[in-house]
Every structure is written in structure tokens, then in C-alpha cells.
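These notes concern the structure reproduced below.
The values are calculated or read from the model by the stated rules, or taken from the named source; none is laboratory data. Quantities reported herein were computed from a predicted structural model and do not represent experimental measurements. Counting neighbours? That spans all protein chains shown, and the Cβs are built from the backbone with ideal geometry, glycine included.
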Amino acid sequence: MKTATSFGGPFILLPHRLAGEWSEALGDRPDTDQGLYGEVCKGTGTSFMSLIPFRGIEVLRISDVPHDLNWVPFHTGGLVIQCDFADSLEQLLDFVAAVAETEIWEERLEMNLDDTAIRIMDSCGFDGDGQPKIDVFLKPGKYRVEAGYAESETVGATIFRLSRLDSGE
């Protein structure tokens, strides 16, 4: 399992090759009300996620809550997990694996991934900032991204499920 941490802002999922350009486009003082960072922050509130155009592709904004994100491969894509509470990592993973097979999804969108190297990071992150980032490899194609919140008496988590639609499976 891979983990990304936050400086306090929303997380993004984008092609690894554009991570440096993203950071440069934000500038030294990102403003929550304008520019690229304003675009990222405007999607916050009740929505789990949104797509932001950047350099001819769509960047996925996921979760404006600054809790760590975890990545777990799942079927033809993966799960991004943001834990609110759990007694153990094993308990969290068992819960999420079971819930991800159900229809908990409150939001859905589709996006194209043309790159295979993907990075999940704080939207204000940059190489060398000391914050862990998630680097994964996915097959290019069209993906459905679904998001929802689920909890039991012992576990609570926001879950994002990425599923490749044109996988032939």
C-alpha cells in the first residue's frame, strides 16, 4: 500500500510527467480564490471530486480533507482510501475491500488516462517537498471514478474506485 500526505489542501491525480509543470503553474503563493489553485479549491465542499483542465488533459481533484490517502490496486484500476477512523490497518483494508464491491458510490465521473505513470499528491506539492506522494502505473484508457463514504461501528472511510472501462475484461 502506498500513501500520500497533505499540506492541508485538496489532493490531485495527474500524469507524473506533468507534476513539475503543475507545481510551476501554481506559483510560490497559491491563492484559494483565483488561478489554478483557486480552480482546485472551488471544487471543494460537498463534492468528493472534480476534473480540472490542465495542459490539454484532465486532472482529477480528490478529497479536500487533509487526511492521508492510501492506494491499493483493485481489479482493473485501484482504490484511493481516506481513513477517518479504524482500529487497525488490517481492519481498514478488509472493510474497504468488501465495501468497494457494493454500490456505495455517491458520485461518478469518467476520465481518460493517456499516460501510464500517474501521481497522486497534495495539490500544492512539488518534488523535494518532503511530503509522500503515490506513484502508480495504470494502463492507458478510459476510467470510471466512483466516490463514496462508508462506515461501520469500527471503520469509517472515503473511498475512490478507479476502474478501467475499456479493459476487455
| note | In region 1-33, anything polar (S, T, N, Q) and within 15 Å of PHE54 (Cα to Cα) is listed as SER23
| said: Would you confirm whether or not region 111-119 contains a residue that is modelled with pLDDT of 95 or more and either more than 26 Å from PHE7 (Cβ to Cβ) or of a type in the set (Lys, Arg) (or both)? | reply: yes
| Within region 60-91, how many residues are hydrophobic (A, V, I, L, M, F, W, C) and more than 15 Å from PHE160 (Cα to Cα)? | 3
| Residue that is farthest from LEU18 (Cα to Cα) [pool: residues in region 108-165 that are acidic (Asp, Glu) and over 14 Å from the mean Cα position of the chain (by Cα)] | GLU153
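Which residue, of VAL59, VAL40, is part of a helix (DSSP H, G or I), touching a residue at least 40 places away in the same chain (Cβ under 8 Å) and surrounded by 20 or more Cβ atoms within 10 Å (Cβ to Cβ)?
On the way: VAL59 fails: part of a helix (DSSP H, G or I).
Going through VAL59, VAL40 in turn, just one is part of a helix (DSSP H, G or I), touching a residue at least 40 places away in the same chain (Cβ under 8 Å) and surrounded by 20 or more Cβ atoms within 10 Å (Cβ to Cβ): VAL40.
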| note | Filter region 104-119 for residues that are assigned to a strand (DSSP E or B) and in contact with a Phe, Trp or Tyr (Cβ under 8 Å, 6 or more places away or on another chain); the one that is nearest to ALA25 (Cα to Cα) is ILE118
| Taking region 13-36 only, how many residues are over 19 Å from SER63 (Cβ atoms) and over 18 Å from the mean Cα position of the chain (by Cα)? | 10
| task | Could you identify the single residue in LEU79, LEU92, LEU69 that is within 18 Å of THR158 (Cβ to Cβ), in contact with a Leu (Cβ under 9 Å, 6 or more places away or on another chain), surrounded by 15 or more Cβ atoms within 10 Å (Cβ to Cβ) and not small (Gly, Ala, Ser)? | result | LEU79
| task | Output yes when any residue across region 30-45 is modelled with pLDDT under 85 and in contact with a strand residue (DSSP E or B) (Cβ under 6 Å, 6 or more places away or on another chain), and no when none is. | result | yes
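Scanning region 120-156 for residues that are of a type in the set (Asp, Glu) and outside any strand (DSSP E or B), which turns out surrounded by the most Cβ atoms within 10 Å (Cβ to Cβ)?
Among residues in region 120-156 that are of a type in the set (Asp, Glu) and outside any strand (DSSP E or B), the one surrounded by the most Cβ atoms within 10 Å (Cβ to Cβ) is ASP129.
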| Any residue in region 98-115 that is in contact (Cβ under 8 Å) with a residue 60 or more places away in the chain and either over 19 Å from LEU162 (Cβ atoms) or loosely packed, with under 13 Cβ neighbours inside 10 Å (or both)? | yes
| said: I'm told GLY27 meets every condition in (1) in contact with a Leu (Cβ under 9 Å, 6 or more places away or on another chain); (2) surrounded by 19 or more Cβ atoms within 10 Å (Cβ to Cβ) except one. Can you identify the failing condition by its number? | reply: (2)
| note | Taking region 62-92 and keeping only residues that are outside any strand (DSSP E or B) and farther than 17 Å from ILE134 by Cα, one is left with HIS75, THR76, ALA86, ASP87, SER88, LEU89, GLU90, GLN91, LEU92
